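As structure tokens, the structure follows; a few thoughts come after it.
The values are calculated or read from the model by the stated rules, or taken from the named source; none is laboratory data. Everything numeric here is computed off the predicted structure, so don't read it as measured data. All Cβ positions, even for glycine, are placed from backbone atoms using ideal geometry, and neighbour counts span all protein chains on display.
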Amino acid sequence: MKTHIMKINSFAAAKINLALHVRGLKSNGYHELDSLVTFANIGDIIEVSPFDKLKLTIEGPFANKVPKGAQNIVIKAAKFLSPKGKAHINLIKNLPIEAGLGGGSADAAATLRSLSKLWDLPIPKSSEILGADLPICLLKETAIVQGIGEQITPVSIPDNLHIILIKPRIGLSTKKVFDNLKNKNNKKMDTFTGTNSIKVFSNHIKKLRNDLLKTSIYFVPLLSDIINFLNAQNGNYYTQMSGSGTTCFGLFDSRVDAIRALTNAKIKYPEMWCMMAKLI
């Protein structure tokens with residue numbers, strides 16, 4: 001195993017579930033899903049460098065919200081790649097937790113990418129044992145994700161799409177939402193092979209849904225108000241909650257409209273995490 005004197009950075013992009021259809025519950029406890037997943041140009045950052053042991057430091061606006069030791073998924077990812085590997089890993093935690101943005105899985109994927117370079121090791125194909133979102137976060141491309149995350153079909157969507165993200169202070173764990181989901185056998189997602197047309201994409205995505213939304217609203221009624229607010233913004237052509245929440249978003253093809261919506265969001269919800277990003 002080679003170790004080079006260097007610092008390697010990897011970007012852990014926010015994962016956005018544009019739609020999430022729950023298709024059933026498997027015997028192993030995993031839910032079978034149809035999901036349209038994309039990524040935004042905001043996220044956490046993983047920095048790795050040589051060290052005499054495996055060490056994790058955490059900084060950033062949400063550093064105090066994540067585990068510091070062996071329970072952190074970053075450490076789990078490092079030990080998965082090499083049980084005896086040594087490195088200093090610095091996590092810059094920019095994304096809120098319990099947000100439905102796949103932050104933990106994105107951090108794990110970024111850790112694997114960085115350490116595979118530092119240690120000159122291939123990333124094992126069995127990375128999904130770290131979490132169902134690991135394969136798509138390693139790919140980091142817009143895709144239809146099915147099954148329990150192992151069936152991935154990349155698709156194209158229009159360029160230059162802007163997204164406004166709003167997350168209340170309260171979060172929801174994925175497990176809590178799924179455990180309380182009443183209907184776990186829903187209609188499958190309509191076939192989508194990709195498009196570069198805003199009109200075609202808009203017409204398709206409006207037919208999709210997030211089957212977790214009602215359950216999340218039950219626990220956090222404020223989500224309904226946020227969705228109504230986003231729907232009322234000029235230029236917003238699609239509003240949804242990402243994953244199990246509690247981040248809600250609106251899509252815009254006009255940067256000007258998105259900036260105006262962000263300004264309105266910060267005025268209406270000054271205590272919330274309100275961000276504008278671009279889909280990548």
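Assorted remarks:
- Taking region 136-159 as the range and being without any contact (Cβ under 8 Å) to a residue 12 or more places away in the chain and more than 17 Å from residue 205 (Cβ to Cβ) as the test, only 151 passes.
- Filter pass, residue 17 being surrounded by fewer than 18 Cβ atoms within 10 Å (Cβ to Cβ), under 20 Å from residue 165 (Cα atoms) and among the polar types (S, T, N, Q): no
- Single residue of 183, 196 found to be over 26 Å from residue 275 (Cα atoms), outside the structural domain of residue 112 (by TED's automatic domain parsing) and of a type in the set (S, T, N, Q): 183
- Residue check for residue 186: in a loop (DSSP other than H, G, I, E, B), at pLDDT 95 or above and on the phi < 0 side of the Ramachandran plot: no
- Residue that is farthest from residue 250 (Cα to Cα), among those in region 30-60 that are without any contact (Cβ under 8 Å) to a residue 60 or more places away in the chain and out of contact with any strand residue (DSSP E or B) (no Cβ under 8 Å at 6 or more places or on another chain): 52
- Check on residue 203, in the same structural domain as residue 268 (by TED's automatic domain parsing), more than 20 Å from the chain's Cα centre (by Cα) and part of a loop (DSSP other than H, G, I, E, B): no
- Among the candidates 174, 142, 191, residue that is of a type in the set (Ser, Thr, Tyr) and either at pLDDT 95 or above or not assigned by TED's automatic domain parsing to the domain that holds residue 205 (or both): 142
- Of the residues 27, 105, the single one that is of a type in the set (Gly, Ala, Ser), surrounded by fewer than 20 Cβ atoms within 10 Å (Cβ to Cβ) and out of contact with any strand residue (DSSP E or B) (no Cβ under 6 Å at 6 or more places or on another chain) is 27.
- Any hit, region 12-31, residues being of a type in the set (Ser, Thr, Tyr) and part of a strand (DSSP E or B): no
- If the condition is being within 14 Å of residue 114 (Cβ to Cβ) and in a strand (DSSP E or B), then region 58-79 contributes no residue at all.
- Among residues of region 247-261 that are under 20 Å from residue 100 (Cβ atoms) and assigned by TED's automatic domain parsing to the domain that holds residue 42, none has a Cβ under 6 angstrom from a residue that is surrounded by fewer than 24 Cβ atoms within 10 Å (Cβ to Cβ) and of a type in the set (Asp, Glu) at a sequence gap of 6+ or on a separate chain.
- For region 237-264, the tally of residues that are in contact with a Leu (Cβ under 8 Å, 6 or more places away or on another chain) and among the aliphatic types (A, V, I, L, M) stands at 3.
- The set of residues in region 171-218 that are surrounded by 17 or more Cβ atoms within 10 Å (Cβ to Cβ) and of a type in the set (A, V, I, L, M, F, W, C) comprises 172, 177, 178, 181, 189, 192, 201, 205, 208, 212, 213, 217.
- Number of positions in region 7-54 that are of a type in the set (S, T, N, Q) and at pLDDT below 95: 2
- Scanning region 80-120 for residues that are assigned to a loop (DSSP other than H, G, I, E, B) and hydroxyl-bearing (Ser, Thr, Tyr) yields a single hit, 82.
- Inter-residue pairs, beta-carbon under 8 Å, first touching a residue at least 60 places away in the same chain (Cβ under 8 Å) and under 15 Å from residue 99 (Cβ atoms) and in region 262-276, second part of a helix (DSSP H, G or I) and among the basic types (Lys, Arg), 6+ apart: 274/266
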